[in-house]
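Asker: First the structure, then my questions, so here it is.
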């Protein structure tokens with residue numbers, strides 16, 4: 001069986017969204033499936049990282065394309081030149097991903113303009129180059145099925161067109177909701193309606209819809225048009241080989257808490273820092289505590305650290321390569337996980353954290369996908385408030401003082417939820433869909 005995987009994120013893109021499609025491309029051949037990948041060139045990746053290569057995936061089966069300039073890119077470039085700012089076109093952190101300064105009408109208007117120019121997708125510039133390349137590839141080779149994974153949703157738009165033209169089964173794989181209010185602000189009611197209608201018109205042709213959490217699957221099912229496509233939950237998995245290969249100290253010198261990643265959307269560690277301050281004020285040994293943020297987007301955290309007088313405990317460092325980040329994870333006593341305001345999703349970082357065997361303190365809703373994943377896993381704490389952070393830190397610190405094992409044995413849990421098992425689940429779905437091509441014809445006729 002030959003499958004085309006359409007994904008914007010793929011190594012050498014170190015964006016966490018590249019892990020799931022990469023592992024599918026790597027592991028599916030074990031189940032008799034030949035995957036081909038349609039993605040972007042390295043110079044168009046979001047987080048290019050030298051050395052992070054798609055090992056195990058033949059380069060001859062990876063088709064990489066350019067990303068065309070969009071109207072939003074042109075407007076952004078014009079504004080930058082008028083402001084004397086030198087920056088590349090298509091900066092993903094500008095406009096729709098940023099907030100205007102309070103009281104700034106000009107910034108608010110700028111945000112609304114950029115949000116409309118980003119419709120229906122911030123990466124829509126990939127649509128035409130990917131469609132052209134996909135058409136040539138499908139015409140040259142015989143594919144049995146197409147899989148697209150998002151975000152960004154442009155991957156689904158490309159796959160939907162290819163599947164319709166060539167009457168192939170098509171699977172929509174969702175790592176996040178179709179539209180994420182926390183990451184791209186669509187304050188316009190009209191724009192939200194248009195996004196919802198685009199989802200319905202696109203999803204009605206899918207042979208199957210896959211989500212990586214049960215909560216996200218229910219969210220999608222409520223919005224799918226009738227008759228519904230087959231819906232399946234296939235969670236993300238663990239890259240145990242990569243994480244377990246990272247150097248780790250069995251027992252860290254300090255009671256160290258590490259956060260490794262970026263602050264995007266509604267993520268905030270304000271509650272953690274407030275809880276940390278309360279815990280220290282109630283007698284915790286400040287000299288033995290170290291908190292380290294490694295990544296980007298920490299402006300709010302830096303201001304909060306100053307306001308709460310935590311400068312002697314908390315430090316900040318810029319983003320490091322993925323391999324180094326994994327090594328840093330493996331050296332902490334506790335890993336801080338932020339999943340604020342995203343009850344449908346589990347941050348990809350959670351899987352890396354758990355695979356290290358280290359303890360995890362998660363700031364997230366107790367009735368959400370992240371809490372569901374961590375529930376019952378040894379060494380995992382969930383907190384929603386500063387007071388709950390205090391209680392969690394005290395329990396974690398007591399483990400440290402009592403010299404409990406630094407790395408917890410999660411081998412059976414990791415094996416049960418490995419990416420090899422996820423690839424097996426996808427392979428089973430592929431076979432079920434390709435066993436009856438009549439169902440495909442019916443979906444495209446709707």
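The values are calculated or read from the model by the stated rules, or taken from the named source; none is laboratory data. Bear in mind the structure is a predicted one, so any value in this text is a computation, not a measurement. All Cβ positions, even for glycine, are placed from backbone atoms using ideal geometry, and neighbour counts span all protein chains on display.
Asker: Output the strands (runs of 3 or more DSSP E) that fall wholly within segment 114-220 and possess 1 or more residues being in contact (Cβ under 8 Å) with a residue 24 or more places away in the chain and closer than 30 Å to residue 80 by Cα, or say none. Give the steps one after another, and end with the answer.
Answerer: Values: elements: 145-150, 170-174, 208-211.
So the answer is 145-150.
Asker: Test residue 37 against the criterion of being outside the structural domain of residue 432 (by TED's automatic domain parsing) and either in contact with a strand residue (DSSP E or B) (Cβ under 7 Å, 6 or more places away or on another chain) or not in a loop (DSSP other than H, G, I, E, B) (or both), and give yes or no.
Answerer: Numbers: outside the structural domain of residue 432 (by TED's automatic domain parsing): no; either in contact with a strand residue (DSSP E or B) (Cβ under 7 Å, 6 or more places away or on another chain) or not in a loop (DSSP other than H, G, I, E, B) (or both): yes.
Taking the combined requirement at face value, the residue does not satisfy it.
Asker: Then there is this: Spot the failing condition for residue 281; the list is (1) buried (at least 17 other Cβ atoms within 10 Å of the Cβ); (2) modelled with pLDDT of 95 or more, and only one is missed.
Answerer: The failed condition is (1).
Asker: May I pose another question? Of the conditions (1) buried (at least 16 other Cβ atoms within 10 Å of the Cβ); (2) at pLDDT below 85, residue 78 fails just one. Which one is it?
Answerer: (1)
Asker: Whether any residue in segment 188-209 is in contact with a strand residue (DSSP E or B) (Cβ under 9 Å, 6 or more places away or on another chain) and either at pLDDT below 80 or closer than 26 Å to residue 325 by Cα (or both) is what I want to check.
Answerer: Within segment 188-209 (the criterion being in contact with a strand residue (DSSP E or B) (Cβ under 9 Å, 6 or more places away or on another chain) and either at pLDDT below 80 or closer than 26 Å to residue 325 by Cα (or both)), the answer is no, since none of the residues qualifies.
Asker: I'd like to know if segment 298-318 contains one or more residues that are closer than 27 Å to residue 212 by Cα, surrounded by fewer than 23 Cβ atoms within 10 Å (Cβ to Cβ) and modelled with pLDDT under 95.
Answerer: Taking every residue of segment 298-318 in turn, none turns out to be closer than 27 Å to residue 212 by Cα, surrounded by fewer than 23 Cβ atoms within 10 Å (Cβ to Cβ) and modelled with pLDDT under 95.
Asker: Filter segment 424-443 for residues that are modelled with pLDDT under 65 and surrounded by 19 or more Cβ atoms within 10 Å (Cβ to Cβ) and give the result.
Answerer: Those that are modelled with pLDDT under 65 and surrounded by 19 or more Cβ atoms within 10 Å (Cβ to Cβ): 440, 443.
Asker: Further question: Quick one: would you say residue 243 is in contact with a helix residue (DSSP H, G or I) (Cβ under 6 Å, 6 or more places away or on another chain) and at pLDDT below 90? Give the derivation first.
Answerer: Working: in contact with a helix residue (DSSP H, G or I) (Cβ under 6 Å, 6 or more places away or on another chain): yes; at pLDDT below 90: yes.
Criteria met by residue 243.
Asker: For segment 378-394, name all the residues that are out of contact with any helix residue (DSSP H, G or I) (no Cβ under 6 Å at 6 or more places or on another chain) and either surrounded by 14 or more Cβ atoms within 10 Å (Cβ to Cβ) or in contact (Cβ under 8 Å) with a residue 60 or more places away in the chain (or both).
Answerer: Result: 379, 384, 385, 387, 388, 391, 392, 394.
Asker: Among the residues of segment 409-423, write down those that are closer than 21 Å to residue 252 by Cβ and crowded, with 18+ Cβ neighbours inside 10 Å.
Answerer: Selection gives 410 alone.
Asker: Without any contact (Cβ under 8 Å) to a residue 24 or more places away in the chain and under 20 Å from residue 422 (Cα atoms): which single residue out of 54, 29 fits that description?
Answerer: It is 29.
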